[in-house]
Each structure stands twice: as C-alpha cells, then as structure tokens.
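The values are calculated or read from the model by the stated rules, or taken from the named source; none is laboratory data. Worth saying up front: this structure is predicted, and the values here are computed from it rather than measured. Because the Cβ atoms are built from the backbone with ideal geometry, glycine has one as well, and the counts that use them run over all protein chains shown. SASA here: full protein model, heavy atoms, side chains in, ligands and nucleic acids out. Shrake-Rupley method; radii C 1.70, N 1.55, O 1.52, S 1.80 Å.
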Amino acid sequence: MTENKTNTEEIKNKTIIGEKKDMSDPMDKSYDPIKVEAFWYEYWEKQGFFKPKEGRTGKKFVIALPPPNVTGSLHLGHALTGAIQDSLVRWHRMKGDETLYLPALDHAGIATQSVVEKKLLREKNITRQELGREKFVGEIWKWKEKYGGRINKQLRKLGSSLDWDRATFTMDKKLNYAVNEAFIRLHKEGIIYRSTRLVNWSCRLKTAISDIEVEYKDIKSKTYLSIPGYGNKKYPFGILTEFAYKMEDETLEPLVVATTRLETMLGDTAVAVHSKDERYIKYQGKFAIHPFSKRRIPIICDDVLVDPKFGTGAVKVTPGHDPNDYATGKRHNLEIINILNDNGTINANGGQFENLKRFEARVEVAKKLDEMGLLKGETVNPMRIGFCTRSGDIIEPIVKPQWFANCDEMAKRAVKAVEEGELNIYPENHKQVWFNWLNNIRDWCISRQLWWGHQIPAYFVDLEGHNRSKTEHWVSAHTEEEAKKIASEKFKIPLEKVVLERDPDVLDTWFSSGLFPYSILGWPNEESEDLQKFYPTSLLETGKDILFFWVARMVMLGLKLTDKLPFTDVYLHTMVRDAHGRKMSKSLGNVVDPLDVIKGINLEDLHKTLYTGNLSEKEVKLAIKGQKKDFPKGIPQCGCDALRFGLCDYTSQGRDINLNINKIKSCRQFCNKLWNATKFTLMNIGEGFTPLETESNFEDLNLHTEGSFLDRWILSKVNKAIIKCNNGFEKYQFNEVTEACYHFWLHEFCDIYLESTKTLMKVKEEDFIESKTGKEQWEKTKRQQTISKNILFRCLDIGLKLLHPIMPFVTEELWQRIPKLKTHQETIMVEDYPETIPVWNNSQEESLLDGIKSIIHSVRSTREQYSLTKIKPQIFLAFTESSKLKELLQKDTQAENLILFLGKVSKIEYIDQKKENKPNGCVVDIIGDTCIIYMLLQGLIEIPVEIKKLNKKKNKAEKDLQKVTRRTKAKNYENKVPQHIQKKNSEMITSLEKEIKDFDFAIENLTELLDEKN
C-alpha cells in the first residue's frame, strides 16, 4: 500500500541524471517522498561531493561501512547502521573535516556457499561435489555479479554518501593478497599454528564454524525436534538416559552413568568418579568393559569434572565429542576416539552402528542396551543445545586438525588500549564486556572446510614421517614457487624434490574482516597513499552483537600487524527487533527490506518477497501468517528521510529497538510539516526577497529596539538547537539530535514563531490610509516585516542544515528553494554546519516565553477539563506589580496574540492580585507565585452536569489507582516483577494521583461557582 502514487516523469523530462535537479516547478501541495528523493543522489555522486576534500579544520574523519554479506539484501538492522554512519559522515563533512566513507561487500563464506548450493540443487538438481570446486566457485562469482549490486542500490536509496570509487569486495585480489600476507606473517611468528582440537562442527555444512554461527536454545523438558536431513521424523531432547557399564572385575556391581547424547557412548574412553566419593573408592583404578567394542575403559578420579551430588556420581568421558570431556582427556592422557564422519553418520569406530545417522544411532544404541539389560531408564533434564545458524543443524563437537591463532598477547594489548583511554567504547557499559571476553580469550579456530573464501596459503611438505596435523610440517607463502623455496631451505632438500600439497580449506570470514580497516586502504603496501593518509580510521560503528567476533579481532590484528589502533572510537548500536520485541527472522516474516519502507509495498507483494529466498514451504507459510498479523495493509510509503530519522530517534543508548512501522509513518508526517512550513514561509517572505548576509548576524536590524520579543526569543532558541545537535553528534547520542530538531521545528518555529508572524505579514500599506500617522505606522510595520522575514529565512536556513545529516533528501530539496546568500554553496551537503552566535543568546526572553507557555498550557488544560472544545472563553490574568511578563503582554501584541490564538481564548483582561478584584463566575488556576488565571465559565457550561462528569471520572481514576497499588503490594513484587514493569506501575500511580488531585481542584472550583450563582 502506498500513500501517494508518484509521477516523476515531468521531472525526468527536465532533469539530466547526474546534473542538479530542476526546481522550476512550484512546490507540490504536499510532501511526496519518492518525488523529493529523486535525482539528488546521482547529482551528489557525479559532482564528487562524496570524495574526501581538504577541509577548513585540518582534521580527518574516516569510517568504513561494515561490509554487508553479499548473500542477499539489506534489512532494517543495516539501515540503522547506514543511518547512523551517514549522519555522522555528513555532519563531519559540513563541520569542515576531510571526510571519507568507505564502501565494501563481504564474501560471507558459509552463508554464500550455502545459498548457492541450495540454488544449484533447486534449479539444476546438482551438488557442489558433482560440479567440482573450480566450477562451483565460478557459479558463486556469477551469483555475486548478478545479485551483489542489489546491496549497493539499497545503500544509494538510503542516501549513504560513500566514496564508490574506493568500493571493495573482500575477495578482490588486493584484499586476498592482504589476507595471505597476514596469515604468512602470523604463521612465521608462531601465532598461527596447526593443531588437532575440539571444534564446533556443522554436519550439514561439513565444516567447522565460529562461535557467532552457533545459536543456543534452552530445552526445559522432553522435546521432539526436527533435524535437517532427517525428513519428517523428530527426535527427543531434554532427557537424561542412564545405562550401566559392566566391570572387568565381575565381583563389582555394574557402574551406572547418564548422558543426554547416548550415541556418544560409542566413543567413551573412561568413566570418572570423585576421589572422595566413598561409593566408588573400590572402583578406582579398575576397568569397565564397553558393551559393543569390548574396549577396556579405565575408572579415573577427576574432581574437576565430577560433582558427586549430581546424578549417579559417575560420569562417562567422551574426549572426542564434548568440551569438558576433552579437557578431562588431556588431563589424564586418554585416548580420543571420533565416532562421526563429516556428514554426521557413524564411522567405523561405531562398529555395528556404522553408517547410521547420529540421531538414528541414538535410538538404536538404546534398543541394543535395553536388549542387553543395561538400559536403566530416563529422566527429564533441562539442556542447552547449539544450532548452526546457517543450516539449522545441531552442532557436534568433533576433534579435527585445524588452524588456530593464539590470541593471548594480542588480547592483552587490546585490553590495555581501552584501559588507558586510547580506544573509546560507547556506550561505556560495553567496556566490562570487552574486558571479560578478552581476559578469558581462547585460541581462535580460523580454518573452514569450504570452497568459497580465501584459501589458506599453507602447504603441507610431503616427506616421510611428516604429519598433516603437525604445524612444523607446513610452510606458508603467496605462491607455490615461494613455498617450495621455503620448504627446500627449511628441510634441507633439493628444490626439485619438494612435494607440496596446499591446504584446501579456507579462512574464517572473520579473519579477513579483521584486517578490513587497513586492507581496504592498501595494506600491506606501506607506500599506499590512502593508507598513509587515512589510516588509522576514526570510528567503527556497528551492532553490539559482534563486539567480540569482529571489533575485538580488528583491534587485536590491527595492533599486531600495523602497530596502530585501527580506529580510536567504537560506537555500538543496539539490535533492531520487531514491534513485539522479537528478533528479526525470515521465517517469522518480520524481516523488512528498507526499500519497502521507503517506497511502500502492499501485502500481496510483501508475501512474494518470501519466495525469493531459501525458506522451506513450511517456513513460508509461517512467515505469511506473521506478515498478515504485523502488516495487514502492507507497509505505507514513508520515504528514506522518515526512515533515517525514525531509526536515529530510536537510539537511546543501551536499549534494543522494537521497531514499529507506525513510528516511521509519523516521521513522514514530520517531513510533511517541514514541507508545509517551508512553503508557507516562502509565501510570506515573498518572491524577490534578498536576505541580509550572515556576516552581520542581524546587528543592523536593531533587534533590541525594533524587533519583537518573539524575534529575539526564536534566535535564542536557534542557538539552543545548534548546541544540542552538535553535542548529540559529538557524543553519539543521535536521539538528542532528532529531539532537538523536532522540538525546534514543530514546537518553537512552527507552533509559535511562524504562527506569530501570520498577522504581521498580512498587513499592507493601504491598511493605514485613514490614519493620520499612517505613513509613520506603515514604515514601522514594514521595518518589523523586514526583521521577521530575515528571521524566518534564517530559521529555515539553519533549521534545514541542522537536519541535513539525518534527513539528506528533503533538506536538500527545500534548501534549494529558499533565497540564497553570497556565501551559500552549490549544495546543502557542503554547507557549514551551524555554530552558535553568542549575541543571539537571550535567557530573559526565553524565561518570559516559558511563562506564556505555562499560561497557554493552563488554559488548554482548563478548557479540556470542562469540555470547552468549541467555545473560546474570556480569561483574566492577575500578576504581581513587578511582573515583567505582564509588562510584555500589555505592550507586545504578538506575545498576547500567542495566548489568544494557541489557548483559543476570546479576550484577555489584566487585573490586580487582590482578593476583592476576583471576577465572578470564574474558575481559577495559579501559575507559580507570579500569575493567577481566572477563566470565565458562567453561562458557558451547566455546572451541576460538569460536576457529575468530573466525579465519575474521579471515581474511575480512584479504582484504577487501587488496582495498580494492589499489584505493587503483592508478595515478592520487587524480586519477581521485571524492572520496566515496576517503573511503569510507579509512573501510573504518580499519574493517577495527580489526575485525582486535578479532579478535586476542578470540582472545588465548580462548587464555588455554583455557590456564587445560588
């Protein structure tokens, strides 16, 4: 569903793409985002405005876009990243810094290989193994060329002012060379090494995967789960199965152990007990017999692994398939047996269960144990299961020879950088997480059993006695020729006799991404102009979920390979969730393409997007159901500016974003307000208006003698908005920028100043013809109009510049339409960002206006209380004798008109603050200690009826208060109820108490009126 059908044909006829947009047509009646956003990006890009240019500050601001995965399209999480980053980039550019925003795409090893594999199987019914490595990689490159541009198109539509001539792809030759160089250097130094260890293994993908690609789910009770590759059959989880091992010494009772993964008993090489557990002292040092392999299994003591109070107190040990057991195996030098093939079927070590799938084997092992009388039963056992995020498969710990990086020393430097303030992390609460992870860091498994990615530049030297799992039997180099020379020298063999075998594995995507800030600038070429000029970068902005997996690794590798921090600031934004607080998931149907928010999309077309991915038929049905619930009428057309503004406005630090499309829709309405305000202002200042140049700062306007109180007030408020916006950008508090801009435009400029000028701007010379002093009055009015026109212009000029970093398109469109100063540039995006003008500060006028706003608020509240929706009552204002506000209102018609217009009041009279002067038939309200407001209600309302209504409302409020209060008095309320609910209840109690107090006051007022009448 789109709110406007945009026709841009008439613009296309006049505007040459890449040239400045034709603005000769009058402004449309209302804001149309698609029409407004057309052509500006191409103009900015072609004219080179995204290029870094030496600025007036002499400073640089460099930031790299976290490379999106080439696998698909951007979602709203990426849009948040883009909105924040581009806002900062545009702000720094306008501040006069030399600014560079670097684009890139990530090859996303596992994700991309998985997507193309599924595509080939679906479309051609062929596997990658059948195709072969070279042809399969060729298919991925074809896929990248076809779909890779989709992301760049989205980034352009989002307004991201990236230097596209510097765009990189993480599999480019330049970056591939950098990745190989990093591996070679770290291997040579011994930081990267080869070892056989326990890793997370995806049987579905047949590769080791990183921690970030494992998603853990808690199973609280016996639960049947579907497993990829097992058809419709489900298998039970969340149960603890007990079985017995018969002892070699038949005089001993069988030893009962328990496991949640029964099939792993095929790889058991010990049973552990606690050294002080008296039940098992006689078992210590003895052997059990494996029921299937007849292997002798030692009974060992391990007080680290065993809790004698848990289960039977005897623990089966499978070093080849469990992290804790692996550590136990290392402590006791136990045999490590792998029972699984790479695809998750049982291998020859499983004996009679060979070739069964692992969960089929679980069932069959239980049957056999039962037949042997060794199965002792099962109990419900809560457990945590790791799933592969790419395939949905259950992760299997398996011992494999892999490449690892020792991170200990690199981690220490990364910790020190934050401790000593060289690296800043925002929000600061993430610092402790940083320290905890890096101080407990483990060696990083960097190899992946894939075909797509940076093939590891390591070669096994095939000599007698050499072992592929030993790191010393490998050499690394950029080419096989280089590797042969290194091997020849290392092993003292003739060059022609060197036989090498390159490792077929590729590097973890996070390894190549870890080099990103400097590899894209030309490293390891130290002579690279970009590297010398733009490294280190200024800021890394990304989601908080990849603090460890990417940010920490960039810092560690950057310090190690360049001896410099890759950036000085890290800003971590929160996660974007749906309106219900759920994580974005394609299968839930809540993943939204930013372009669908920008352009709008109906529900039917939204459903069609689900068929373009790799969702199963079942997942598509579930997703359609989710879309119908969340977007029953589709997604309304909001435009890029509204989307960016809404996302930035959500960024209160530390809280996840529960994104509601209605919020973005309201931001579109704000854009419409900007449009109408600018249109109305331009109409008021008139064609041919020439504004005063900025250098004068209006000093020649004599604002203090000839300008109105509101002229001085609005300029002071402009300064306040400038301060808040600059502070917000400096401190990465983007919601403060959006709030400052929204408040200035709506509540100060539009609601007050613009409204106050309406009457003044309508005055013409002929209105003074009949007056004796007409000419003099007209000259004075004309002077006031000139002042107001210049201030209106400056409010537009500055207000649009303040907003531009966050809302680039609508601000450019509107700014191009306002009159120009001699100092103005070709585009708003290279204008100077506003700085405060000290002579505009005026705390006295701000204080007086606050007093007027208090009166307006009081009048509006009173009118609402007594249901005076269409009636404009008269009010009496009683001030203290020394009141400056009274003096202002009596001499400044603009100030008084504000109360009349915004308070919807028919007449204002001023009286003394004496009891005998209190007018009859009025209700009263007191504003501080300076003003009493009397509103004349006699004859406007039926007092007994209104008293009855107020009592009814008061009774309801009292019942609501009792209900909420009862909830807070419940047992263990403070411990059991979440903090945000407690806060909400507390706020509700405060609100209801005030409401009841207000009702009492209103009832008392009306009762007094009734007494007067009687």
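Got a sec? Charge dipole of region 160-299, +1 on Cβ for Lys and Arg, -1 for Asp and Glu; which of 187, 237, 291 is way out at the positive end? Farthest towards the positive pole: 291. Assuming charge only on the beta carbon of Lys and Arg (+1) and of Asp and Glu (-1), the dipole of the chain about its Cα centre is about 2760 debye to the nearest 20. Legend: residue pairs 673/717; 673/731; 173/412; 764/820; 971/997; 20/51, Cα-Cα distance threshold 21 Å; pairs beyond threshold, 673/731; 173/412; 764/820; 971/997.
Compute the Rg to Rh ratio over region 591-640 from the alpha carbon atoms, using the Kirkwood formula for Rh, and round to two decimal places.
0.98
Over region 770-902, accessible surface divided per residue gives 45 Å², non-protein components excluded, 1.4 Å probe. Note that region 63-156, at 37 °C in a medium of 0.692 mPa s, gets a Stokes-Einstein diffusion coefficient of 217 µm²/s from its Kirkwood radius over C-alpha pairs.
Distance between the 7 Å Cα→Cβ label points at residue 307 and residue 739: 4.5 nm. P(r) tail, the chain: Cα-Cα pairs separated by more than 38 Å, 61% of all pairs.
Distance distribution note for region 208-288: the fraction of Cα pairs above 21 angstrom is 52%. Sequence-distant contacts, meaning Cα pairs under 8 Å at least 6 residues apart, place the relative contact order of region 158-272 at 11 percent.
Share of pairwise Cα-Cα distances greater than 14 Å in region 880-958 is 73 percent (whole percent). For region 231-344, the Cα-based Rg and Dmax, in that order, read 14.2, 48 Å. Structure note, pairs 246/367; 853/983; 276/309; 294/368: Cα-Cα distances above 20 angstrom occur for 853/983. Computed about the Cα centre, the dipole magnitude for region 182-313 is approximately 580 debye when only Lys and Arg (+1) and Asp and Glu (-1) carry charge, each at its Cβ. Taking the 1.4 Å solvent-accessible surface of the chain as the whole, the part contributed by carbon and sulfur is 48%. Rolling a 1.4 angstrom probe over the protein heavy atoms with all chains in place gives region 411-532 an accessible area of 48 Å² per residue.
Toward the positive end of the charge dipole of the chain, with +1 on the Cβ of Lys and Arg and -1 on the Cβ of Asp and Glu, the farthest Cα among 635, 109, 908 is that of 635. For region 396-488, applying the loop criterion from DSSP together with a ceiling of 15 other beta carbons within 10 Å to the GluC sites (Glu not before Pro) yields 420, 422, 428, 464. Treating r as the C-beta distance of residue 841 and residue 690 and R0 as 25 Å, the FRET efficiency rounds to 0.40. Charges on Cβ only, +1 for Lys and Arg, -1 for Asp and Glu, centred on the Cα centroid of the chain; of 955, 816, 125, which one is farthest towards the dipole's positive end? Projecting each Cα onto the dipole axis, the largest value belongs to 125. Note on region 797-927: with charges restricted to the Cβ of Lys and Arg (+1) and Asp and Glu (-1), its dipole about the Cα centre is near 740 debye. Mean residue ellipticity, 222 nm, helices only, the chain: the sum of -39500 (n - 2.57) across DSSP H runs of n ≥ 4, divided by residue count and rounded to 500, is -13500 deg cm²/dmol.
If you count, for each residue, the other Cβ atoms within 10 Å and average over each peptide, how do 347-359, 195-207, 984-996 line up from highest to lowest?
Result, highest mean first: 195-207, 347-359, 984-996.
How high is the relative contact order of region 720-831? Use alpha-carbon pairs under 8 Å, at least six apart in sequence, and give a whole percent. Can you show the working numbers first?
On the way: 68 pairs, mean separation 21.7, N = 112.
Relative contact order, region 720-831: 19 percent.
Against the chain, whose longest principal axis comes from its Cα atoms, helix 109-124 is set at around 80 degrees.
Beta-bridge orientation, the chain: approximately 70 percent antiparallel, per DSSP, counting only bridges with both partners inside. Pairs exceeding a 26 Å alpha-carbon distance, out of 144/431; 220/583; 663/724: 144/431.
Ranking 573, 332, 274 from most to least accessible surface, computed with a 1.4 Å probe over the protein chains only, gives 332, 274, 573. Considering only alpha-carbon pairs that sit under 8 angstrom and 6 or more positions apart, the relative contact order computed for the chain is 11 percent.
Scaling against 2.2 N^0.38 Å puts the C-alpha radius of gyration of region 79-231 at 1.39.
The C-alpha atoms of the chain define a longest principal axis, and helix 408-419 lies at about 20 degrees to it. Once the Cα atoms are used to define both axes, helix 640-649 deviates from the longest principal axis of the chain by about 80 degrees.
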